[in-house]
Amino acid sequence: MFQFYQKESFFDEMFVGEDESVFPHYQGLRERLGRLDDAEISEKQRRVDTSFLEQGVTFTVYGDDRGTERIFPFDLIPRIIPDTEWRTIEQGLTQRIIALNLFLHDIYHDERIIKEGIVPEEVVKSAAHYRPEMRGVDVPKDIYIHICGTDLIRDAEGRYLVLEDNGRCPSGVSYLLENREAMKRAFPRLYRDYGVRPVDHYPELLLKTLRHLSPRPGQAPVCVLLTPGVYNSAYFEHTFLARKMGIEIVEGRDLIVLDGFVYMRTTRGLVQVDVIYRRLDDDFLDPVVFRDDSMLGVPGIMDAYLKGNVALANAVGTGVADDKVTYAYVPEMIRFYLDQDPILENVPTYLAWRDEDRQYMLENFPKLVVKAANESGGYGMLMGPTSTAAEREDFAAKIRQTPRNFIAQPVVSLSRHPTICGDNRIEGRHVDLRPFILYGEDIEIIPGGLTRVALRKGSLVVNSSQGGGSKDTWVLYH
Amino acid sequence: MRLRVHHRTEYRYPEPVSDSVNELRLYPPDTRWQKRQYAFVSVLPASRLRHYEDLNQNRTHWFEIARPHQRLVIESRAEVVTRQKVNFSAFPYGFHHDDLPRCRFREECYPFLQESAYVERTPEIWRRALDIRGGSTDVFQTSYAIMEHIYREFRYQSGATTVATRAGEVIEKRTGVCQDFAHAMVAFCRAIGIPARYVSGYFFDATRDHHLRGSEASHAWVEVYLESFGWIGLDPTNNKVVDETYLVVATGRDYREVAPVAGTYYGAGGSLMEVSVSVRRLPDGPVNGGEKDVRDLPGETVAVGKEQEPSVVSIQSVQ
Amino acid sequence: MLSRVADSLYWLSRYLERAENLARMVDVCRYDALDAVLGDSGETWRPILYAMCSEEAYQVARRSRSEELDVGRFITFADENPDCIRHCIAHARENARMVRDQISEEMWLELNSIHLFLQSGEAEDLWRRQPEALYREVIKFRLLFEGLIDATIPHDEGWNFIKVGKYLERADKTSRILDTLTYGDEPERGRLASAMRSCSGFSAFRGEYRGEISLRNVVGFLLFSPSFPRSVRFCVREVDRVLHAISGMPSGAFSNEAERLTGSMLAQMNFSSVENVWSVGLHRYIDGLQAQLNQIGQKVFETYVLLPSEIRNVARPEVWQIAWQQSQQQQQ
């Protein structure tokens, strides 16, 4: 199976050195794959794909008028993380989400981190997702980011680095859960023998996280999931989670605000809602306060929220922490609020609004990945090494015009993982990892996360909308 | 045993207060018996946190909030892997009362034989301690007897004492909570020359019916010094020799030196305090950094120094 | 149950019923066209376009295309026809997608696979080669789906809304099929038989009416048969029963406009005969029925989805406490 495998100069998740030796935790997998022939692999792959399509495990591609659904391509070779490695990740992410929450609380209250000169005021206030409406507001249980998806990558030495924090509406957890189901069916014995930590309790933990926020303690809280609707690319995930949690999935038009309380319309009349897991960005949440052209939101919901009559997860205004300029300051936040060094480091980041950094960016495009500060999903990005002169010109102009909106990072040669490519050949493809963090009464991180893989040869872009696929991620007990 | 702790303390002030300065002892140390996986201490309103190691080597965080505020939340989250300290089929007998005078000159014991803020030395306490000791010549046996005595003869009742109640009063009333029981035991031990220190921490109630006392708040117990064994923990509140379900956060001569939260602020009194502690047991896995690290850690050392100046303490949590 | 969910289940059901009826009608029509005098086949299709109110859409679509547009294709596949079978199934699937958490996995899989099939070139190929096989496919799917509705989801409120949708749509379609008979000249035996076959009612009809096939008998049967599951009366009776099941009202009483209208329509159907139809004229009578059915649909929507009176009540604080208490209990 691996006879043509080229490790090249990247950090490989499976292969240790130039010879064919693998890390100990990959030994069992390698033996199992070695016993498979082409036909068996094709058959397993076909079964998995069919089951995904039939179950509707799909995402919608934006900009496609027919609303075509695609399955998020799934690769049969799992990514395996030994326990000790995972512990470090878990600790680092816990530390990070505590710091990010303190930061959000701070910038909407006393602004001590600004006053002490750690984070410049203009970085915070000019962030596209900074919400002045949230100043002085005490959010339920003082938690801002209840659900966080933090993207990790590994550099050439195999160190885990944080690439970005997704503290608004991170998606992908349903693929994580479905991938696990698929793998259990495809390789039942291998899975059992490996001692993999389960992930299927995620919906339970998520529900617990939501219920923790209820403004009516002592009563069974009514939690709902607010979706932008069936045409949203993550709609499958929304129904999936709502079903697993046993809560209603609602659209904006299902909710109505009366006298500062939120109700949902049911066939038995109106029911008061306590907690809303909203998969809708701040901008669309309330047409009265934010975008008045939003048809997806609920007029008056901010009023109910600010009065403390309903809880939102995530809180309003968390987008500041997602901002790629803010990202650069997270290590400083950890030192400031927690009096510790970061356990997981950032990818080195150049900020275009710093004069010297901008100069460097403009002169070194081919070495850099340039990103728009407020975009996600791989949109608004320039891959320096493969960019055309025209693209570079375009970005240079944009950067000069609005330096605040751009950052750059050196091209980190993401680690690679053996992946089944055309003709059942196994080749190395770049991967990242998105673990999901839940911050409720406890901070819980589901073991593993979504491993995304850039299926195009040489590509570093793993987003589903840009030709990425995914793998199951196995965190081992040992 | 892998234990995860979440300790949250919230103060609410009826009127805004300001110039709050606080010290926190919430950071579990690495010792031969426990390995910290992580510990995060945080404060709301979000503030800059700093730390130093105090005289007893406890990591002490401190912060200040100058601006008026009506609420203060202090949280610590930690995951610690603990290891069984005592072989329960072979208790550390063999250290005799006659050998105790040797301890008096050991640096690590000296402070724990003296009077301290909550622990007096009085003839009454001394006489009672001798009664409990009876004919025992073994230090561990005597310590165990003291623990049992307190557990049996003292009534566990919250509200009967305050955070400021001293050992003498507890012994007289025979009533209190874990803080009081620990002070009483420390006083008895010291009275008859057994080095004893006050320990603040948490424990996981592994009993099926969760009948142990003090698991819902931060807990306190006692450690006595046995030559050639070191400090061994005894919990008079639950009549237990401390095992791997216990997690040490700080040690000192008495509560004053280990108070999880202590500080001052400017403003009217009458604050409301709410404490919640949860200790969960997680599936055992390898210890981060490898199992070896726990064993290879150097033994505990306790530095001795000048007695700390008592400060104005207006924020304290009862243990 | 979320109002929108009830609404989606209702429409899911309506669209599927619509697709099935269209498939039956087209299949019968296509078969009849084989018998028609050469060059006259267009005439055979007229009534069905008339019944669907899509005559105009068809003409527009035909003019905009370069190649000849077959009526069968128009009703089955044409993008210009918002009510073609393919679209009905797609709409049904969209509604199902919105309530995927409320329907069974099997229901979703079946509906999704027929949808994917109809979207694929495969379906059109099959249709070109063997049109009846395609229609059979759709009808078979629908029957299977009916079975799944009854066998794989709880017979609770949502299920009742599915039934409301089905029977309202069916009553409407049966009345439209009858309406085709009012098109043009007095229908001859062939057209009467087609109408019957479109409703799969031939054998049932023979059983009930032994005698010869006549307009009078066909109308009597399709409007008033108490036992034939596609007669308008039967459908209205089911709607009435299911609406009472939803509200918990005893039959005969009513708690909202939808129930009142249905009850009154049912009474009217129970005590009418073909004579009453003849006295107003078949076409006018059917127009009246369709208006009533539309009104019932509208009132169901207002009562369970729009909730105007609920919202007025809640806005008064002393009342919303009570309203809330009631709705809380429902959560159990």
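The set of residues in the stretch B:92-109 that are part of a loop (DSSP other than H, G, I, E, B) and either of a type outside the set (Phe, Trp, Tyr) or crowded, with 16+ Cβ neighbours inside 10 Å (or both) comprises B:PRO92, B:GLY94, B:PHE95, B:ARG106, B:GLU107, B:GLU108, B:CYS109. Within the stretch A:1-56, restricting attention to residues that are closer than 30 Å to C:ILE103 by Cα and of a type in the set (Ser, Thr, Tyr), the residue that is surrounded by the most Cβ atoms within 10 Å (Cβ to Cβ) is A:SER51. For the stretch B:260-284, filtering for residues that are within 14 Å of chain A (Cβ to nearest Cβ) and surrounded by fewer than 17 Cβ atoms within 10 Å (Cβ to Cβ) leaves 8.
Look at (1) modelled with pLDDT under 80; (2) within 30 Å of C:MET98 (Cα to Cα); (3) small (Gly, Ala, Ser) and you find that C:GLY39 fails only one, number (2).
Considering B:VAL21, B:VAL41, the condition of being in a strand (DSSP E or B), in contact (Cβ under 8 Å) with a residue 40 or more places away in the chain and not assigned by TED's automatic domain parsing to the domain that holds B:SER200 is satisfied by B:VAL21 alone.
I need the full set of residues from the stretch A:337-362 which are within 14 Å of another protein chain (Cβ to nearest Cβ) and surrounded by 24 or more Cβ atoms within 10 Å (Cβ to Cβ), in order please. Residue satisfying the conditions is A:TYR337 alone.
In this structure, A:GLY469 does not satisfy being under 17 Å from A:PRO73 (Cβ atoms) and either within 14 Å of another protein chain (Cβ to nearest Cβ) or free of Cβ contacts under 8 Å to residues at least 24 places away in the same chain (or both). Per the listing B:ARG77, B:ARG12, B:ARG36, the residue uniquely assigned to a strand (DSSP E or B), in contact (Cβ under 8 Å) with a residue 12 or more places away in the chain, within 18 Å of the chain's Cα centre (by Cα) and surrounded by fewer than 20 Cβ atoms within 10 Å (Cβ to Cβ) is B:ARG36. The helices (runs of 4 or more DSSP H) found wholly in the stretch C:180-292 and carrying at least 3 residues that are of a type in the set (A, V, I, L, M) and modelled with pLDDT of 90 or more occupy C:215-224, C:232-247, C:257-270, C:274-280.
Summed over the stretch A:201-258, the residues that are more than 26 Å from C:HIS91 (Cα to Cα) and more than 9 Å from chain C (Cβ to nearest Cβ) give a count of 22. When A:GLY448 is tested against (1) outside any loop (DSSP other than H, G, I, E, B); (2) modelled with pLDDT of 90 or more, just one condition goes unmet, and that condition is (1). In the stretch A:83-104, the residues that are without any contact (Cβ under 8 Å) to a residue 24 or more places away in the chain form no Cβ pair under 6 Å with any partner that is charged (D, E, K, R) and surrounded by 19 or more Cβ atoms within 10 Å (Cβ to Cβ), whether six or more places apart or across chains.
Tallying residues that are within 24 Å of the chain's Cα centre (by Cα) and either polar (S, T, N, Q) or surrounded by fewer than 20 Cβ atoms within 10 Å (Cβ to Cβ) (or both) within the stretch A:275-289 yields 3.
Quickly run through the stretch C:93-115 and pick out the residues that are of a type outside the set (Phe, Trp, Tyr) and facing chain A (nearest Cβ under 8 Å). Scanning the stretch C:93-115 gives C:GLU94, C:ARG97, C:MET98, C:ARG100, C:ASP101, C:GLU105, C:LEU109, C:ASN112, C:SER113. Tell me, please, whether a residue that is farther than 30 Å from B:ARG8 by Cα, in contact (Cβ under 8 Å) with a residue 60 or more places away in the chain and out of contact with any Cys (no Cβ under 9 Å at 6 or more places or on another chain) can be found in the stretch B:200-216. Looking for residues that are farther than 30 Å from B:ARG8 by Cα, in contact (Cβ under 8 Å) with a residue 60 or more places away in the chain and out of contact with any Cys (no Cβ under 9 Å at 6 or more places or on another chain), one finds none in the stretch B:200-216, hence no. If you take the residues in the stretch B:185-206 that are β-branched (Val, Ile, Thr) and under 18 Å from B:GLU148 (Cβ atoms), which one is surrounded by the most Cβ atoms within 10 Å (Cβ to Cβ)? Restricting to residues being β-branched (Val, Ile, Thr) and under 18 Å from B:GLU148 (Cβ atoms), the top hit is B:VAL186.
To keep it simple, each residue is scored yes or no on (1) modelled with pLDDT under 90; (2) basic (Lys, Arg); (3) touching a Lys or Arg at 6+ places or on another chain (Cβ under 6 Å).
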| site | (1), (2), (3) |
| --- | --- |
| A:PRO228 | no, no, no |
| A:TYR231 | yes, no, no |
| A:HIS238 | no, no, yes |
| A:LYS244 | no, yes, no |
| A:ASP254 | no, no, yes |
| A:TYR263 | no, no, no |
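Here the condition is being among the aliphatic types (A, V, I, L, M) and under 26 Å from A:TYR144 (Cα atoms); of A:LEU460, A:LEU368, A:LEU433, it holds for A:LEU433 alone.
The values are calculated or read from the model by the stated rules, or taken from the named source; none is laboratory data. None of these values were measured; they are calculated from a predicted model. Because the Cβ atoms are built from the backbone with ideal geometry, glycine has one as well, and the counts that use them run over all protein chains shown.
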